[in-house]
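The values are calculated or read from the model by the stated rules, or taken from the named source; none is laboratory data. Just so it is clear, the structure is predicted and the values come from calculations on it, not from any experiment. Counting neighbours? That spans all protein chains shown, and the Cβs are built from the backbone with ideal geometry, glycine included.
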Amino acid sequence: MARPSKPFELAWNSLSSSPVAAAGWSTMPLDAAGAIAIHVGRCFPENQEAMLVRFPTLKIAASEKLPEGQGFSVERVDPKGDGHGWLALTRKPFGGAELFAAMACDVAGTLDVAAAEGLTELKVMRAFLGRVRAWQEFMRKGSRTLSAEAEIGLAGELAVLGSIIEAGVAEHAAVEAWLGPLDGLQDFWLGTGAIEVKTTVSAAGFTARIMSLEQLDDSQRQPLFIAAARMRQVPSGRTLPEAVAAARAQVEADPEARRWLAEKLIAAGYFDGHADEYERKLELAAVRVIEVGEEFPRLVRGNVPVGVAQASYEIDLDQVRGNASDLQSALKKLGAI
């Protein structure tokens, strides 16, 4: 759960009004996350807001690649000259102050949960960086409410994620396998193969956009399935925030799954602060699972003319007569259950 924003805002305002004499850090401690110290700070002369995290015994390797987004940066710092492992999450001048505050509160809440679970310092740092990378992806995608197409697509992926867990895949394994929010080649990598989710709200026809020559290429992962999720908009359906709440409830008992789900929702472009913007109520009508085999209509590098470097195209999945099966059978064939 994210921390309240008020302590951050009060501290940043206070520090802004009393800058240090020269370049350097001015910080103020907040409640620690277990042994992990959390400070609010400003770095002068830039005077940008920051959240600093101190790992008391952890040495952060120089080879550790730190995330950097459009509105923030993460860097190794030593504001107290104590030689401890400090990381600073700092707003860039062009980054939105309100969004950065929401990010800092969320990341601090992640540290609270990780510390409460008794994770080692290394694992707490991994949780910190994982959450920041999710925000990095969120900002890369524009930091705005999802488009109607993206909203429907996320609703479909959440519905399939829930069905995968109900079919017997462990919560943490199912959420870890969900790569759609990270722009994975397919939406789920399970067992030896993959499942690509396509979602429509159309009652007639099922147009699925294939984004590349690699998306339906099963030469690397086999078997490959398409899960065609047909949603319908009805008053009794669920809004996207309600679908998100249902997914969170489904993994509540698995701390690792909870953490990964939170990261992937942010990476998918979903932000709780935008919840009121999603009013469309959707209900899953059916999921048709089709194995992508030799007879499946697709373009891959092995069947396009020489010189074709890249392509995107559309398939009407209602017209495809591939080997259809239910999701549980597909998961067995994948070796996921």
Given (1) in contact with a helix residue (DSSP H, G or I) (Cβ under 9 Å, 6 or more places away or on another chain); (2) not in a helix (DSSP H, G or I), identify the lone condition not met by MET139.
(2)
Of the residues LEU154, LEU179, LEU161, which single one is free of Cβ contacts under 8 Å to residues at least 40 places away in the same chain and closer than 18 Å to ARG248 by Cα?
LEU179
Under 7 Å between Cβ atoms, at least 6 apart or on separate chains: pull out the pairs that start in segment 236-258 with a residue that is farther than 22 Å from ASP276 by Cα and end on any residue that is not in a helix (DSSP H, G or I).
PRO255/GLU117; ALA257/VAL251; ARG258/VAL251; ARG258/GLU252
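Is it the case that PHE296 is assigned by TED's automatic domain parsing to the domain that holds GLU171, buried (at least 16 other Cβ atoms within 10 Å of the Cβ) and either assigned to a strand (DSSP E or B) or not aromatic (Phe, Trp, Tyr) (or both)?
Details: assigned by TED's automatic domain parsing to the domain that holds GLU171: yes; buried (at least 16 other Cβ atoms within 10 Å of the Cβ): yes; either assigned to a strand (DSSP E or B) or not aromatic (Phe, Trp, Tyr) (or both): no.
Answer is no for this residue.
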Failed item, numbered, when TYR270 is tested on (1) of a type in the set (Ser, Thr, Tyr); (2) crowded, with 21+ Cβ neighbours inside 10 Å; (3) closer than 21 Å to ARG321 by Cβ:
(3)
Which numbered condition in (1) out of contact with any strand residue (DSSP E or B) (no Cβ under 7 Å at 6 or more places or on another chain); (2) over 20 Å from MET28 (Cα atoms) is the only one that GLY109 fails?
(2)
Among residues belonging to segment 135-148 that are more than 17 Å from GLY96 (Cβ to Cβ) and among the small types (Gly, Ala, Ser), point out the one that is farthest from the chain's Cα centre (by Cα).
ALA148
Meets criteria (touching a Lys or Arg at 6+ places or on another chain (Cβ under 7 Å), surrounded by fewer than 19 Cβ atoms within 10 Å (Cβ to Cβ) and without any contact (Cβ under 8 Å) to a residue 60 or more places away in the chain) for ALA275
no
Take residues that are touching a His at 6+ places or on another chain (Cβ under 9 Å) and over 15 Å from ARG126 (Cα atoms) and tell me which of the strands (runs of 3 or more DSSP E) falling wholly in segment 4-95 contain 2 or more.
24-29, 48-55
Matching residues, segment 193-214, being part of a loop (DSSP other than H, G, I, E, B) and either over 21 Å from the mean Cα position of the chain (by Cα) or not assigned by TED's automatic domain parsing to the domain that holds ALA311 (or both)
VAL201, SER202, ALA203, ALA204, GLY205, PHE206, SER212, LEU213, GLU214
